[in-house]
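> Supplied in structure tokens, the structure appears directly below.
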Number of protein chains: 2
Amino acid sequence: MKRVCSVDPWLVQEDGLHPHDNRLAESLMSLGNGHMGMRGNFEEDFSGDTLQGTYIAGIYYPDKTRVGWWKIGYPEYFAKVLNAPNFIGIGVKINGRSVDLAKWQVESFQRTLDMQRSLLQRSFILVDEDDQRYEVFTTRFLSRTRREVAAIQYSIKPLQQPAQIEMTPYLDGDVVNEDANYGEKFWELMDQSCTTDVSTLTMKTKKTGFVVTAAMRWSLQGDEDSTVAANEGDKYVGNTLTCQAEAGQTITLTKYIAVTTNRDWSADDIGPMAVQGVSEAHEVGWESLLAEHVAAWKQIWADGDVTIAGDDEAQQGVRFNVFQLHQTYTGDDPRLNIGPKGFTGEKYGGSTYWDTEAYCLPFYLSTMDSSIARNLLIYRHNHLEKAVENAAKLGCRGALYPMVTMNGEECHNEWEITFEEIHRNAAITYAIFNYVRYTGDWQYLADYGYDVLLETSRYWADRAQYQPQKDVYMILGVTGPNEYENNINNNWYTNTMAAWNLRYTLEVRSYLETHHAQRLHEIEQDRGLTAEERQLWTVIKDKMYFPFIDEHNVFAQQDGFMDKEQLTVEELDPKERPLNQNWSWDRILRSVFIKQADVLQGLFFLNHEFDEDTKRRNFLFYEPRTVHESSLSPCVHSILAGELGMESKAYELYLRTARLDLDNYNNDTEDGLHITSMAGSWMSIVYGFGGLRVHDDTVHLKPFVPKAWDGYSFKLMFRGRRFLVAVNQDGCELRQEQGEPLTVYVHGEPVSLQNKEGVTIPHSQP
Amino acid sequence: MKRVCSVDPWLVQEDGLHPHDNRLAESLMSLGNGHMGMRGNFEEDFSGDTLQGTYIAGIYYPDKTRVGWWKIGYPEYFAKVLNAPNFIGIGVKINGRSVDLAKWQVESFQRTLDMQRSLLQRSFILVDEDDQRYEVFTTRFLSRTRREVAAIQYSIKPLQQPAQIEMTPYLDGDVVNEDANYGEKFWELMDQSCTTDVSTLTMKTKKTGFVVTAAMRWSLQGDEDSTVAANEGDKYVGNTLTCQAEAGQTITLTKYIAVTTNRDWSADDIGPMAVQGVSEAHEVGWESLLAEHVAAWKQIWADGDVTIAGDDEAQQGVRFNVFQLHQTYTGDDPRLNIGPKGFTGEKYGGSTYWDTEAYCLPFYLSTMDSSIARNLLIYRHNHLEKAVENAAKLGCRGALYPMVTMNGEECHNEWEITFEEIHRNAAITYAIFNYVRYTGDWQYLADYGYDVLLETSRYWADRAQYQPQKDVYMILGVTGPNEYENNINNNWYTNTMAAWNLRYTLEVRSYLETHHAQRLHEIEQDRGLTAEERQLWTVIKDKMYFPFIDEHNVFAQQDGFMDKEQLTVEELDPKERPLNQNWSWDRILRSVFIKQADVLQGLFFLNHEFDEDTKRRNFLFYEPRTVHESSLSPCVHSILAGELGMESKAYELYLRTARLDLDNYNNDTEDGLHITSMAGSWMSIVYGFGGLRVHDDTVHLKPFVPKAWDGYSFKLMFRGRRFLVAVNQDGCELRQEQGEPLTVYVHGEPVSLQNKEGVTIPHSQP
């Protein structure tokens, strides 16, 4: 654990420079607006340790894979999130000396992420070699209202003597990825143009041919006699502004940027639209641009803030998580998805994992208009044919969605994951089920859902295999969610979700038969589905084999699980943890220890299908064997613990992800934030403490307050209604803010909500 | 299958150029003398497709590993067999035009490997643009009597008109490896010197610091008025000889080379010793040098030829195999071992696999003085401390020998092999057992063997794990010899060999207690072995779990084997074979199909411990499920089939490796020859058809003749006696050639041999 930022409900603030932890601070201070994002890098030159990162949604590069031994089925490439042309850069010189915070004496440095307004601000005092001081203040934001626009204000004030100030706002396309397998550069120049009015830089990615234009304009306040010169270099355009500032006089540069891509514009329009965007921003001006941006964020917080009373660390933690989720994905483009690191780093190359469906979808479903979640589903629907190709590459029928993808093609290249972690398919169909039960949008099944259900069922039916001696269907050679087991047979979670997938497909089919018969007929004819094939699905779901441990009356994570040495995490020497940094891989594999929820993931997903005793027995068996070495692990356990009344356990597990990045728990936040696990942390509060469940077209709550807190509140969105849930030690208050009247169940009792009226429900006595 | 060379008992001959199969021919025409070797590359420039390869024993480079996802326990590097400085090169110009067989018109081309004399010869006619013809004849060899010396004769004769002939013998250090993970060059120049008398080039490998000096001298016949010029370039020294040749006059260049390394000489001596070596060779002259080389090979064939009557293809096949084994390893240097491709290619980087102990050792044990096999054992003994380090890296006590190594350190980097294919440890201890029963050298156990047995036993005892419910010891998470299963539990072969390893260690300990008590005490004190630890070994070997399939009364390859879909190879669509070129890896893993002997490897190794019915049942169960997609697979099955009286099956399996490279069966011989599998092919004849077994200090034979052959013969070496075994359809003849009288058992009956006297034993009637 390492904390470089102070605790504050709305700010993430670094006091003083932390040269050795600069990458960590850069990750924490990331900004994003769904279209683009960046790490908290400095505008001016910096020769200290830094991971420069500017990312544009949907722009990737197919880096050549690196594997030890090629295996049939490996993809040719791994899609990398790309460090894009640097458009924040402002070269600064004071009296001819370049400002570089690694080389100048710096006083009173503060770098501040303002979560309420989505601003990154810095203030510091530079001391030159003559002991002269200069005050610097910077602000930047990525506009929430104009997704292609960014703006930066950079102010310098000599405190003691007049000074010559030179500022060079620039665009630089000569960028590299640290995460490039063979050290290649991924961008090439298409065009550049440099005037003192507007400058543009157009770069193109090799192979993928993504085109990005950045356009820049600026304005200057504080010196009317400044001079300006345009200067160009290789993949570089800049304007050098030279000013004279009196002592006490502030020189302020405002840099406006617009970034357009050929994902949104035709080849002819990319450049002109960037110029138009930046010119409009320049015209509107800093104050108005900022005001509309802040107003948009105000609405986001009004709709979705989570408050925690009596615990500022927890308050900051949950706000940071909600803030970063909204920075990463806005849901207006079904071609985009949520990368594990969002716009905050390069690692985990490809953008989409099953994290999206398993962890992020519930957040967006529960807090935003249903169209946002729907776009996440459409993303997968658009990739269906690629998933069919992917299954065929592995010798199977139907659709197998990739483990990691940008465009529907598989990017991952470890056989035990890529080829075997097939349970991901069910997370995608489960998302359909989850979406429909939240939204009641049954039409989606006819329009998009059944295609995906049909082809995934086809895959499962082909992948499962009949075992005649036992008269069951088995699924051999898989990796479950617990990636500390590879190539196992009959992973209970996989078998359970596969059978569920088949069952849900058949249920949906019955519904469509009644309500959309013609559409059903078309889909099935189009995809060549026969009655025999459907009959087989019924047989397989009924005869699926589910391993069981009689001795403990629990589901068996996989065949042979009880042959392992049965230890619990408590028996481990703390020095050996995390295991993945201390044990060889084979030792991890043959040990009993579990990386993240596996059987329990199934009990979380299919929560409504298991009784409480079953959940309790399995929780008490598996959680003590779980090392939670995935950031996605504690939330599922926390939620189940909450459901089972183990409140302190629920809180303890919640703490593990609540401030994962703010406190750099896993010692890897310098590479970027754990965006997808932030949704899990949100779920720990809302599902875990609040007890949110949705079934039978209704919201159910079972709230409690962790002992360490005075209370907490969150907002929920359900079928067009938004309502506040505020919980304290005495009870909870529900207040509807939007939409038609709604009945929700609290601790199993119906509560009727009407617009703006609060209802208070005391906690039932135990 | 592709055959570029004609069938001949002693020659491997390519008639006509095969530009598209040049790499294949180059592999087949490889030369070696234990100290160095090379592919059948041309001396003159060649712009066509070629894999240039000159290799010097024990010289390697630690190439940076390439993996998808780093796992704890992976080695930092992969030792690569290095393409060494090219010392065969002779630039040739005729009337000023460079000779390049890819560009000139070539007639009557022949490239011939003479196995009897270990020579590579070429003859061809060049036709120039004026339709003038020039006859070329080349011969080269790597001296069997002077391991650092090579010699080449290159003759050119203008057939029609006089011509200016220019020949430039040179040494070139600017070489690359095709198999370099990041395209690096591995050599740097230390020194070069060029005179028209003697020239030298000294190169050093980066990182490993191996130093190699090549020295060159030459003589010229046919033109007394030739001129000579020394010319140097970057990492290049050459002498250009310009001659005038009349029509019908032959110009012959003889190039002598000596290659020394810092493995054999001190830094100061490497250069002088190369000069001395080449000068002595030059002094002795081509004829004498060749004569002593040929005489040495004559003795090799006299001692170890295998003849096959009535099948020239088979005759050529077995001679090629015996020939290449002798070219690869001479057994005079315990720091060397047998790489899977010997001196014939770069692939499979590291030099030593368990192939050596499992397949090659029996060949050397049965045909050569026991000191040769002993050096193979000493090689592993020298690496014992590295094996202890290797086990510790994986979190285990004792010694785990590496999967692939050059210097005792692990080079391989696929977790499922590197960390899990631990059965290799038992192959190394089995080699000790095998060596001792062949040679009767019990002293070896006290001097070297027990150290290795103790530390490997310690490893097995730590790696096995007690399962209290079943009161057994299990070994979880392994890969057996059948690499088409990964991370399985209780591989029967591994468990069996582990228990055997423990048992043999305890047996050897009993022997040492009686005969070498003091030495035993020293070893155990040195290694801190306690009585408790030894007691545990006894418990583990007695309580080891051996999976069994009741239904078929056979050993189970692993836990859960019968849950797989039970198919046989006959049911496979031939178009899908080989599976490893057609199926995704996960599909291979979950299928029943077996790459190479696994349970049957155990029945082969511990042949004396199982009754014939057990072997038969297991053979009939497992062989039909085996796809033999390792070149090491068929021989073991062939031998077992022979033992079980399935003569045609034994012959069918033998055919799969007999001409593996000559007929390019696996379509990969262009990368190099399958040296280690050649020993398996030899075993198929001697163990399989001849029925050789050694136990109770005695040689046992049970020969039969495959129907396709008239007969065959081989020579055996046993405890200082060499004798011929000649088998035909009527019976077999044994004739001792060397050593004290010996009694061998043929079909269970004792046969007394005396020097030079033949004994004929008719085949018993069935």
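> Quick check: is even one residue across region A:232-252 under 25 Å from A:Thr202 (Cα atoms) and without any contact (Cβ under 8 Å) to a residue 12 or more places away in the chain?
There is at least one residue in region A:232-252 that is under 25 Å from A:Thr202 (Cα atoms) and without any contact (Cβ under 8 Å) to a residue 12 or more places away in the chain.
> Filter region A:447-486 for residues that are β-branched (Val, Ile, Thr) and away from chain B (no Cβ under 13 Å); which is surrounded by the most Cβ atoms within 10 Å (Cβ to Cβ)?
A:Thr456
> If you scan region A:610-656, which residues turn out to be of a type in the set (Gly, Ala, Ser), crowded, with 20+ Cβ neighbours inside 10 Å and assigned to a helix (DSSP H, G or I)? Walk me through how you get there before you give the answer.
Start the filter on region A:610-656 by keeping residues that are of a type in the set (Gly, Ala, Ser), which leaves A:630-631, A:633, A:638, A:641-642, A:645, A:648, A:650.
From what's left, crowded, with 20+ Cβ neighbours inside 10 Å: A:630-631, A:633, A:638, A:641-642, A:650.
Listed by number, the residues that qualify are A:Ser633, A:Ser638, A:Ala641, A:Gly642, A:Ala650.
> Run down A:Gly73, A:Gly48, A:Gly53, A:Gly58 and say which single residue is crowded, with 23+ Cβ neighbours inside 10 Å and either polar (S, T, N, Q) or in contact with a Lys or Arg (Cβ under 9 Å, 6 or more places away or on another chain) (or both).
A:Gly53
> For A:Arg147, indicate whether it is under 33 Å from the mean Cα position of the chain (by Cα) and farther than 21 Å from A:Val228 by Cα.
Judged against the criteria, A:Arg147 is a match.
> While we're on this one: Is it true that B:Ser108 is among the hydroxyl-bearing types (Ser, Thr, Tyr), farther than 30 Å from B:Ala302 by Cβ, more than 18 Å from the chain's Cα centre (by Cα) and not in a strand (DSSP E or B)?
Here the answer is no, as B:Ser108 does not meet what is asked.
> Now for a different question. Would you check which residues across region A:145-159 are among the hydrophobic types (A, V, I, L, M, F, W, C) and not in a strand (DSSP E or B) and list them? Steps first, answer last, please.
Keep residues of region A:145-159 that are among the hydrophobic types (A, V, I, L, M, F, W, C), which gives A:149-152, A:156, A:159.
Matches in region A:145-159: A:Leu159 only.
> Check B:Lys93 against each of (1) surrounded by 21 or more Cβ atoms within 10 Å (Cβ to Cβ); (2) farther than 16 Å from B:Arg39 by Cα and name the one condition it does not meet.
Only one criterion in (1) surrounded by 21 or more Cβ atoms within 10 Å (Cβ to Cβ); (2) farther than 16 Å from B:Arg39 by Cα is unmet by B:Lys93, namely (1).
> Something else about it: Would you check which residues across region B:509-548 are among the charged types (D, E, K, R) and in contact with a strand residue (DSSP E or B) (Cβ under 6 Å, 6 or more places away or on another chain) and list them? Break it down into steps so the answer makes sense when it comes.
Within region B:509-548, the first condition is being among the charged types (D, E, K, R), and the residues that meet it are B:509, B:513, B:519, B:522, B:524, B:526-527, B:532-534, B:541-543.
B:Lys543 - this is the single residue of region B:509-548 that is among the charged types (D, E, K, R) and in contact with a strand residue (DSSP E or B) (Cβ under 6 Å, 6 or more places away or on another chain).
> Same structure again: Being assigned by TED's automatic domain parsing to the domain that holds B:Phe363, among the aliphatic types (A, V, I, L, M) and assigned to a loop (DSSP other than H, G, I, E, B) is true for just one of B:Val699, B:Val705, B:Val686, B:Val694. Which residue is that? Spell out the reasoning first.
Working: B:Val699 fails: assigned to a loop (DSSP other than H, G, I, E, B); B:Val686 fails: assigned to a loop (DSSP other than H, G, I, E, B); B:Val694 fails: assigned to a loop (DSSP other than H, G, I, E, B).
After applying the criteria, what remains is B:Val705.
> Just one of the numbered conditions (1) in contact with a helix residue (DSSP H, G or I) (Cβ under 8 Å, 6 or more places away or on another chain); (2) within 14 Å of chain A (Cβ to nearest Cβ); (3) in contact (Cβ under 8 Å) with a residue 60 or more places away in the chain is not true of B:Ala431; which one?
Failing condition for B:Ala431: (2).
> Go through region B:715-766 and count every residue that is among the charged types (D, E, K, R) and in a loop (DSSP other than H, G, I, E, B).
5
> Follow-up. Let me confirm something: among B:Thr405, B:Thr429, which residue is in contact with a strand residue (DSSP E or B) (Cβ under 8 Å, 6 or more places away or on another chain), among the hydroxyl-bearing types (Ser, Thr, Tyr) and surrounded by 21 or more Cβ atoms within 10 Å (Cβ to Cβ)?
B:Thr405
> Kindly provide the set of residues from region A:550-585 that are assigned to a helix (DSSP H, G or I), in contact (Cβ under 8 Å) with a residue 24 or more places away in the chain and at the interface with chain B (Cβ under 10 Å from one of its Cβ atoms), ordered by number.
If the condition is that a residue be assigned to a helix (DSSP H, G or I), in contact (Cβ under 8 Å) with a residue 24 or more places away in the chain and at the interface with chain B (Cβ under 10 Å from one of its Cβ atoms), then A:Leu579, A:Asn580 are the ones that fit.
> Consider B:Leu189 carefully, then state whether it is within 21 Å of B:Lys235 (Cα to Cα), in contact (Cβ under 8 Å) with a residue 24 or more places away in the chain and not in a loop (DSSP other than H, G, I, E, B).
When the stated conditions are applied, B:Leu189 passes them.
> Identify all residues within region A:50-73 that are within 14 Å of another protein chain (Cβ to nearest Cβ), of a type outside the set (D, E, K, R) and touching a residue at least 12 places away in the same chain (Cβ under 8 Å); write none if there are none.
Passing the criteria: A:Thr65, A:Val67, A:Gly73.
> Among the candidates B:Asn425, B:Asn413, single out the residue that is of a type outside the set (Gly, Ala, Ser) and assigned to a helix (DSSP H, G or I). Spell out how you get there, then give the answer.
Details: B:Asn413 fails: assigned to a helix (DSSP H, G or I).
After ruling out the rest, the residue left standing is B:Asn425.
> So which residues in region A:386-410 are within 11 Å of chain B (Cβ to nearest Cβ) and part of a helix (DSSP H, G or I)? It would help to see each step written out before you state the result.
So the first thing to find is which residues in region A:386-410 are within 11 Å of chain B (Cβ to nearest Cβ), and the list is A:390-396, A:400.
A:Asn390, A:Ala391, A:Ala392, A:Lys393, listed by residue number.
> How many of the residues in region B:586-603 are under 24 Å from B:Glu551 (Cβ atoms), in contact with a Leu (Cβ under 7 Å, 6 or more places away or on another chain) and part of a helix (DSSP H, G or I)?
3
> Looking only at region B:47-76, how many residues end up being on the phi > 0 side of the Ramachandran plot and modelled with pLDDT of 85 or more? It would help to see each step written out before you state the result.
In the first step, residues of region B:47-76 are kept if they are on the phi > 0 side of the Ramachandran plot; the result is B:58, B:73.
Subsequent filtering for residues that are modelled with pLDDT of 85 or more retains B:58.
The total comes to 1.
> Is it true that A:Ala499 is surrounded by fewer than 24 Cβ atoms within 10 Å (Cβ to Cβ) and within 30 Å of the chain's Cα centre (by Cα)?
For A:Ala499, the condition - surrounded by fewer than 24 Cβ atoms within 10 Å (Cβ to Cβ) and within 30 Å of the chain's Cα centre (by Cα) - is met.
> Within the bounds of region B:357-366, is there any residue that is part of a helix (DSSP H, G or I), within 14 Å of another protein chain (Cβ to nearest Cβ) and touching a residue at least 40 places away in the same chain (Cβ under 8 Å)? Break it down into steps so the answer makes sense when it comes.
Narrowing region B:357-366 to residues part of a helix (DSSP H, G or I): B:357-366.
From the residues that got through so far, the ones that are within 14 Å of another protein chain (Cβ to nearest Cβ) too are none.
Checked against the condition, which is being part of a helix (DSSP H, G or I), within 14 Å of another protein chain (Cβ to nearest Cβ) and touching a residue at least 40 places away in the same chain (Cβ under 8 Å), region B:357-366 yields no hits at all.
> Quick test for you: out of A:Phe87, A:Phe78, pick the one residue that is buried (at least 21 other Cβ atoms within 10 Å of the Cβ) and either β-branched (Val, Ile, Thr) or within 14 Å of chain B (Cβ to nearest Cβ) (or both).
A:Phe78
> Test of understanding: among A:Glu232, A:Glu224, which residue is over 18 Å from A:Asn95 (Cβ atoms), touching a Cys at 6+ places or on another chain (Cβ under 6 Å) and not small (Gly, Ala, Ser)? Walk me through it before giving the result.
Values: A:Glu224 fails: touching a Cys at 6+ places or on another chain (Cβ under 6 Å).
Testing whether each residue is over 18 Å from A:Asn95 (Cβ atoms), touching a Cys at 6+ places or on another chain (Cβ under 6 Å) and not small (Gly, Ala, Ser) leaves just A:Glu232.
The values are calculated or read from the model by the stated rules, or taken from the named source; none is laboratory data. Here the structure is a predicted model, which is why all the values come from computation and not from measurement. Virtual Cβ from ideal backbone geometry, glycine too; neighbours counted across all protein chains shown.
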